[in-house]
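Written below as structure tokens is the structure these notes are about.
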């Protein structure tokens, strides 16, 4: 009789341990999914421009094989320029790259 009692206690202990582990795993998975959604939203909404800013560009000087592009950031409301910079465009002549 005593052996049956020990066996029942051991089986119930294992069953309880399994229930606790599964519950912990479900809670951990749910927390990871919630954090993943928050991180995705953070990445999706973390733009380099603010909501009231707009970026644009203008090719100022075109040359054969290159040019100059001006990139600017403006305020959407009053169209004032906040920041700008220039990029030198270097486009090599494709004929100079040919082996002949």
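Residues in segment 49-60 that are at pLDDT below 80 and under 21 Å from residue 89 (Cβ atoms): 59, 60. Scan segment 18-28 and tell me whether some residue there is modelled with pLDDT of 80 or more and surrounded by 11 or more Cβ atoms within 10 Å (Cβ to Cβ). No: segment 18-28 contains no residue that is modelled with pLDDT of 80 or more and surrounded by 11 or more Cβ atoms within 10 Å (Cβ to Cβ).
The values are calculated or read from the model by the stated rules, or taken from the named source; none is laboratory data. Keep in mind the model is a prediction, meaning the values are calculated, not measured. Neighbour counts run over all protein chains shown; Cβ positions are idealised from the backbone, glycine included.
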